[in-house]
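Participant: I am attaching a structure below and will ask some questions about it afterwards.
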Amino acid sequence: MNPREHRFDPHGSRKNGAPAGVATRSRRNRPPWTAAAGFLLALALSHAAVPASSEVRIDAEFDPALVPLGQRTNYIITIEGNDDPIRGNPPRIHGLEISTSPVRSVESETRIIQGRTHSTHRVRYSFRTRPVSTGTFTVPAWEASIAGETVRVPAAELQVVEPGEELRDAFLLLLEPEIDTIYVGESRPVELVLLLRDDVRAQPRSWPRKSGDAFLDPDFRQEPSVERVRYRNRTYNAVRWPFLLAPIKAGESRISFSIDIAALSREDGISGRARDPFDRAFGRSLFRRQSVEERTVRSEALSIHVREPPESGRPESFQGAIGTFTASHRLSTQTSRVGEPLSLTLTITGSGNFSRIPPPELESDDHWQVYPPRTEFAPEDEIGHHGTLEIEYIIVPRHPGITHAPSIAFSYLNPETGRYDAAELEPIEVTVQASETIATHAATADGMVEDDSTLYGPQLLAKRWYSPDRSTGYRTAWFYLAHGVPILLLIVLTIWRRRQNRLNEDARFARRVSGSRAVRTNLRKARLAIGRSDVPAFFTHARAAIQHSLLRHIPMEQRPESLTWTEVSEHLLDREAAESLRHEVRTIFEFADALRFGDANTPVAVNDLPRWEHRLVALVRELEKTQPRHRNRFPKTQ
């Protein structure tokens with residue numbers, strides 16, 4: 001029998017379950033070792049190579065599928081599932097000269113799936129083809145025979161263009177998805193996609209660039225992703241940069257992008273599959289000249305309608321949050337005393353413009369002293385569109401009997417519906433008691449000690465109250481410690497209580513104290529940012545240090561973070577500050593705003609940050625000299 005014609009018939013004749021032609025043995029006469037042998041045979045067969053399906057698959061294509069007139073290409077037929085030679089020739093096509101002597105090659109692929117080895121064999125027939133005119137040529141489907149069976153070869157298409165036009169669609173720059181409308185302040189996740197045609201060797205040589213002043217400059221400096229995609233019936237290598245598209249002004253705005261790439265020249269770059277063994281081994285031929293050509297790829301200019309957030313239905317608590325969010329709040333403890341700080345945390349989770357969400361306003365009143373909040377953002381993706389934002393407020397109760405913590409209002413604009421949504425945050429119940437010192441004093445003054453049987457007068461015990469020793473107790477160190485430490489603690493407690501009362505009663509003094517603490521904290525954080533080589537963080541804390549330093553002396557009821565350069569400039573002009581001082585303050589404000597909102601490139605290098613730190617410290621000292629002196633250390637309050 002011809003081995004090629006042998007096929008296993010699963011339904012062949014059997015006797016006692018054995019294939020036809022195999023000797024069988026009765027179960028009674030079967031030796032005991034056959035059970036173990038059968039188990040080992042089944043285990044070996046389970047791990048043996050599983051042949052591919054007997055179904056024959058045939059594909060046809062031109063490689064490359066787009067060539068300039070005068071360049072050759074290959075008409076390739078790939079057969080999977082049968083190694084027998086194909087019989088027949090492709091049809092004649094006017095305008096193409098297709099060889100009748102193909103080059104045959106065999107490819108093998110082995111895969112292990114669930115512990116089993118699957119082998120696949122492909123036979124490739126390559127027909128050399130030379131186009132003699134331009135246009136789009138289609139080799140229709142035609143019939144051939146393999147091992148006496150008729151098979152159908154699918155159609156294939158070839159495009160022949162004039163020399164120089166073969167790279168017309170080789171490089172494309174797209175923005176996905178396309179956007180028609182967007183709100184000012186919104187951050188929309190998009191991708192900039194560079195498509196490099198598969199038959200062209202090219203790679204990016206620069207970061208993408210944006211054109212258009214109505215949007216913030218994206219950060220393209222992260223590592224892009226690369227994948228193979230099909231676009232307009234062609235195969236491309238797609239290089240993707242995800243980023244947030246953030247408009248800053250309303251109106252009809254146009255935006256486009258460009259990037260520089262390096263591509264091999266036409267005779268070297270468009271070569272299809274490797275035609276010599278060195279192409280397969282090294283990705284290029286050692287015997288062909290490799291010339292590089294610089295190109296700039298530009299995207300189409302997109303027209304986007306940027307809208308202002310709607311006025312109708314806008315709540316008072318809206319501060320620019322655009323997206324889909326959920327909000328919750330919590331209190332560090334629901335039982336406290338007067339003067340003890342509590343932590344009130346607002347947690348915002350969802351997707352949107354987290355980088356442009358300011359903390360909701362929470363002001364001090366007769367019940368609570370509220371300090372500037374601290375924010376922390378935990379992103380869930382690489383561009384910061386999904387994540388969790390935590391805003392922590394430090395609040396201090398002013399008097400006992402308070403029943404609820406300060407209420408927080410948070411609202412946002414849903415860009416999908418165009419409507420405002422407000423988070424329902426009910427005030428948290430809290431119990432505020434008097435401080436321990438005040439409670440003890442009140443209990444004693446009200447005479448809460450009813451049984452005075454334990455109060456004894458001075459009693460003299462015979463021969464025990466007088467000591468003949470000349471070293472009296474008041475001359476020892478223990479005597480001074482026993483009497484000096486309580487007195488010292490009483491003085492410290494008195495000063496501390498007086499300071500606490502003044503903090504609660506004198507808003508100007510409290511502002512100066514908290515401002516001094518905030519200035520020192522921001523100077524320390526700016527110094528830590530130098531160690532991390534973090535230029536944006538340094539200028540953010542530098543600006544915050546200046547804001548806190550000025551707001552300590554300005555009688556304005558607002559948060560230091562909201563102090564603008566205009567207000568700072570007016571204050572410095574009132575104090576007749578030097579022009580050089582105003583210029584340095586303005587420079588720090590502009591650099592901080594540019595790095596925070598626009599990610600702009602400043603002329604400040606990382607190596608210059610230590611020099612900027614010395615300038616910042618000197619600048620804060622000069623600002624303190626311009627402020628009015630408070631001679632009355634403890635002013636009277638009305």
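Participant: Take segment 112-123 and flag every residue that is open to solvent by 40 Å² or more (accessible area, probe 1.4 Å) and out of contact with any His (no Cβ under 9 Å at 6 or more places or on another chain).
Facilitator: Scanning segment 112-123 gives 113, 114, 118, 121, 122.
Participant: With 333, 375, 326 as the choices, which residue is of a type in the set (Ser, Thr, Tyr), under 26 Å from residue 218 (Cα atoms) and open to solvent by 30 Å² or more (accessible area, probe 1.4 Å)?
Facilitator: 375
Participant: Additional query: Taking the conditions exactly as written (open to solvent by 20 Å² or more (accessible area, probe 1.4 Å) and either within 26 Å of residue 595 (Cβ to Cβ) or in the same structural domain as residue 245 (by TED's automatic domain parsing) (or both)), does residue 386 satisfy them or not?
Facilitator: Values: open to solvent by 20 Å² or more (accessible area, probe 1.4 Å): yes; either within 26 Å of residue 595 (Cβ to Cβ) or in the same structural domain as residue 245 (by TED's automatic domain parsing) (or both): yes.
So residue 386 fits the description; yes.
Participant: Pick out the one residue from 228, 254, 205, 168 that is free of Cβ contacts under 8 Å to residues at least 40 places away in the same chain, over 30 Å from residue 57 (Cα atoms), surrounded by fewer than 17 Cβ atoms within 10 Å (Cβ to Cβ) and not hydroxyl-bearing (Ser, Thr, Tyr). Walk me through how you get there before you give the answer.
Facilitator: Values: 228 fails: over 30 Å from residue 57 (Cα atoms); 254 fails: free of Cβ contacts under 8 Å to residues at least 40 places away in the same chain; 205 fails: free of Cβ contacts under 8 Å to residues at least 40 places away in the same chain.
Being free of Cβ contacts under 8 Å to residues at least 40 places away in the same chain, over 30 Å from residue 57 (Cα atoms), surrounded by fewer than 17 Cβ atoms within 10 Å (Cβ to Cβ) and not hydroxyl-bearing (Ser, Thr, Tyr) holds for just one of 228, 254, 205, 168, which is 168.
Participant: Residue 76 is checked against (1) touching a Phe, Trp or Tyr at 6+ places or on another chain (Cβ under 6 Å); (2) β-branched (Val, Ile, Thr); (3) buried (at least 17 other Cβ atoms within 10 Å of the Cβ) and fails just one. What number does that condition carry?
Facilitator: The failed condition is (1).
Participant: Cβ-Cβ below 7 Å, separation at least six or inter-chain, first residue in segment 82-105 and open to solvent by 80 Å² or more (accessible area, probe 1.4 Å), second of a type outside the set (D, E, K, R) and part of a strand (DSSP E or B): which pairs?
Facilitator: If the second residue must be of a type outside the set (D, E, K, R) and part of a strand (DSSP E or B), the pairs left are 87/144; 87/145; 97/129; 103/126; 104/123; 104/125.
Participant: Say we look at segment 389-406 and pick out the residues that are open to solvent by 40 Å² or more (accessible area, probe 1.4 Å) and in a loop (DSSP other than H, G, I, E, B); which of these is farthest from residue 544 (Cα to Cα)?
Facilitator: It comes out as 401.
Participant: While we're on this one: Got a sec? Which of 191, 186, 178 is in contact (Cβ under 8 Å) with a residue 60 or more places away in the chain, under 22 Å from the mean Cα position of the chain (by Cα), surrounded by fewer than 20 Cβ atoms within 10 Å (Cβ to Cβ) and within 24 Å of residue 308 (Cα to Cα)? Lay out the reasoning, then the answer.
Facilitator: Values: 191 fails: in contact (Cβ under 8 Å) with a residue 60 or more places away in the chain; 186 fails: surrounded by fewer than 20 Cβ atoms within 10 Å (Cβ to Cβ).
Selected residue: 178, the only one of 191, 186, 178 that is in contact (Cβ under 8 Å) with a residue 60 or more places away in the chain, under 22 Å from the mean Cα position of the chain (by Cα), surrounded by fewer than 20 Cβ atoms within 10 Å (Cβ to Cβ) and within 24 Å of residue 308 (Cα to Cα).
Participant: Here is a further query. State all residues of segment 139-163 that are over 47 Å from the mean Cα position of the chain (by Cα) and open to solvent by 10 Å² or more (accessible area, probe 1.4 Å); if no residue qualifies, say none. Please lay out each step first, then the result.
Facilitator: We begin by selecting, within segment 139-163, every residue over 47 Å from the mean Cα position of the chain (by Cα); these are 139-153.
Across segment 139-163, the qualifying residues are 140, 141, 142, 143, 145, 147, 148, 149, 150, 151, 152.
Participant: Something else now. Residue 197: modelled with pLDDT of 90 or more and either in contact with a helix residue (DSSP H, G or I) (Cβ under 7 Å, 6 or more places away or on another chain) or surrounded by 15 or more Cβ atoms within 10 Å (Cβ to Cβ) (or both), yes or no? Don't jump to the end; show me each part of the working.
Facilitator: Values: modelled with pLDDT of 90 or more: no; either in contact with a helix residue (DSSP H, G or I) (Cβ under 7 Å, 6 or more places away or on another chain) or surrounded by 15 or more Cβ atoms within 10 Å (Cβ to Cβ) (or both): yes.
Considered against the rule, which asks whether it is modelled with pLDDT of 90 or more and either in contact with a helix residue (DSSP H, G or I) (Cβ under 7 Å, 6 or more places away or on another chain) or surrounded by 15 or more Cβ atoms within 10 Å (Cβ to Cβ) (or both), residue 197 comes out as no.
Participant: Of the residues that sit in segment 523-565 and are polar (S, T, N, Q) and open to solvent by 20 Å² or more (accessible area, probe 1.4 Å), which one is modelled with the lowest pLDDT?
Facilitator: Filtering segment 523-565 down to residues polar (S, T, N, Q) leaves 533, 540, 547, 549, 558, 562, 564.
From what is left, the residues that are open to solvent by 20 Å² or more (accessible area, probe 1.4 Å) are 533, 540, 558, 562, 564.
On the way: 533: 83, 540: 87, 558: 61, 562: 69, 564: 75.
If we take residues in segment 523-565 being polar (S, T, N, Q) and open to solvent by 20 Å² or more (accessible area, probe 1.4 Å), then 558 is modelled with the lowest pLDDT.
Participant: Output the number of residues of segment 473-510 satisfying the condition of being at pLDDT below 75, within 51 Å of the chain's Cα centre (by Cα) and either of a type in the set (A, V, I, L, M) or open to solvent by less than 50 Å² (accessible area, probe 1.4 Å) (or both).
Facilitator: Of the residues in that region, 6 qualify.
Participant: Sticking with this structure for a sec: When you go through (1) over 20 Å from the mean Cα position of the chain (by Cα); (2) free of Cβ contacts under 8 Å to residues at least 60 places away in the same chain; (3) farther than 28 Å from residue 518 by Cβ one by one for residue 386, which number turns out not to apply?
Facilitator: (1)
The values are calculated or read from the model by the stated rules, or taken from the named source; none is laboratory data. Bear in mind that the values here come from a model prediction, so they are computed numbers and not experimental data. Positions of Cβ are generated from backbone atoms using ideal geometry, with glycine treated the same way; all protein chains shown enter the neighbour counts. Surface accessibility is based on the protein's heavy atoms, side chains included, excluding ligands, DNA and RNA. Shrake-Rupley method; radii C 1.70, N 1.55, O 1.52, S 1.80 Å.
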